[in-house]
Amino acid sequence: MKSTGARTPMNLDSKDLIFIYALNKMKTLDAAAQLLDKDTSSVFRAIQRIEKSIGKPIFTRSNKGFSPTMLCELLSEKGELIYSALSTANDLLLDDTAVFEEVLKITTTDFLLHHCVMPLVHEFSNDYPNVKFEFDVSSSDDKLWERNNDIAIRPTNSPPEQMIGHRLSELGYCVVSNQRYMQRIQEQDLPIRWLIFDRATKKHFIKKWFENNVGADQSSLKFDSMHDLFHAIKSGYGVGVIPNLKTATQDLLKLENYNIDETVSIWMLYHPSSKKRVLVKRFADCVLANKSLFY
């Protein structure tokens, strides 16, 4: 039998698959629109057109957003391949000789700023000396989604799904002291002076550990800043719990008889719409190339 040469009409093209991938990944129209640098109505109309074209729904709607069907998951996988390929191709076009004269706003914690972020900034500034930096360490609940900052480098075990995220490390905690302080305590048979992280905005797990393993009445000094706590310990004022970060603990004595099971992930997060900013891309690459700072 002779072939008629007729081709089966294609209901989808590459742009359709990218729309499906974006909404499946980001869960809401607003977030998908940010990822694709489109407006919300464009994403909504595209999904409506795609579903009409193939004659079946690919998402189920609810007040919580868009949930994928099995077909959506399969199509989204193909869309992700196309999106990743285009992102890689665009990265090749970035001008390595560009001279940046922009401001990069970073939200982090005071502890991570001192031990991890500032060494990164120093490294980055060697290549891009005209970049200016602004740091926000005011709140771990800063709403990056509202574009207050360009990049977040923060400890969290629940990173927001709307953000582009890179997990940098998994940190534990340890009890540490100045070596001379512990030597004096042991020689003079003195009670340990406990220093505690006591953030007022919420109940940090360290407070609970302290109450269960030491006793709330044993706390001598309380700090709402982990960085200030660290310096008080390092200066020999007492004993306390800090993240088990190598650059922070290398000159301190770890009290191995205290065990803390809690861990926290350190994430770098940035807004999907910032992905096209060359400066954000360059700094994110610098962070990923120096992940050892976060261990």
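The values are calculated or read from the model by the stated rules, or taken from the named source; none is laboratory data. Computed from a prediction, not measured in an experiment: that's the story for all the values here. Quick reminder, even Gly has a Cβ in these numbers, built from the backbone with ideal geometry, and neighbours come from all protein chains shown. Note: accessible area is taken over every heavy atom of the protein model, side chains too, but ligands, DNA and RNA are not part of it. Shrake-Rupley method; radii C 1.70, N 1.55, O 1.52, S 1.80 Å.
Shape verdict for the range 223-272, please, from the Cα gyration tensor: rounded (a/c under 1.5), prolate (a/b greater than b/c) or oblate.
Prolate is the answer for the range 223-272, as a/c is 1.5 or above and a/b outweighs b/c.
Could you work out the helix-only [θ] at 222 nm for the chain, with each DSSP H run of four or more residues adding -39,500 (n - 2.57) and the total divided by the number of residues, to the nearest 500 deg cm²/dmol?
Dividing the helical sum by the residues of the chain leaves -11500 deg cm²/dmol.
Taking all protein chains in place and a 1.4 Å probe, what share, in percent, of the accessible surface of the chain do carbon and sulfur account for?
Exposed carbon and sulfur together represent 49 percent of the surface.
Tell me the label-point distance for the pair K56, M70, using the 7 Å Cα-to-Cβ offset, in nm and rounded to one decimal.
0.9
Once the piece of chain linking R180 and D13 is laid out straight, how much longer is it, given 0.36 nm per residue of separation minus the C-alpha distance between them?
Value of the extension gain: 53.3 nm.
Please give the per residue accessible area of the chain, computed with a probe of 1.4 Å over protein heavy atoms only, in Å².
For the chain, the per-residue accessible area is 57 Å².
Evaluated at 25 °C with a viscosity of 0.890 mPa s, what Stokes-Einstein diffusion coefficient in µm²/s does the chain have when Rh comes from the Kirkwood expression over alpha-carbon pairs?
109
Would you mind checking the pairs K132/K208; K78/K291; K56/K105; K207/K246; K234/K291 and listing those with alpha carbons more than 32 angstrom apart?
Result: K132/K208; K56/K105 exceed 32 Å.
Which net charge results for the neighbourhood of G79, defined as the other residues with beta-carbon distances under 13 angstrom from its beta-carbon, given Lys and Arg at +1 and Asp and Glu at -1?
-2
Can you check what the net charge comes to around A232, using other residues whose Cβ is under 11 Å from the Cβ of A232 (Lys, Arg +1; Asp, Glu -1)?
+2
Report the rotationally averaged projected area of the range 153-295 based on its alpha-carbon convex hull, in square nanometres.
Its average projected convex-hull area is 9.8 nm².
Full extension from I260 to L288: what is 0.36 nm times the residue separation minus their Cα-Cα distance, to one decimal in nm?
7.3 nm
Dipole magnitude of the chain about its Cα centre, charges +1 at Lys/Arg Cβ and -1 at Asp/Glu Cβ only, in debye to the nearest 20?
In total the dipole reaches around 1080 debye.
Quick check: residue separation of K222 and Q48 times 0.36 nm, minus the Cα distance between them. What number comes out in nm?
57.0 nm
Give the angle, between 0 and 90 degrees and rounded to the nearest 10, that separates the Cα long axis of helix 118-127 from the longest principal axis of the Cα atoms of the chain.
Result, in degrees: 50.
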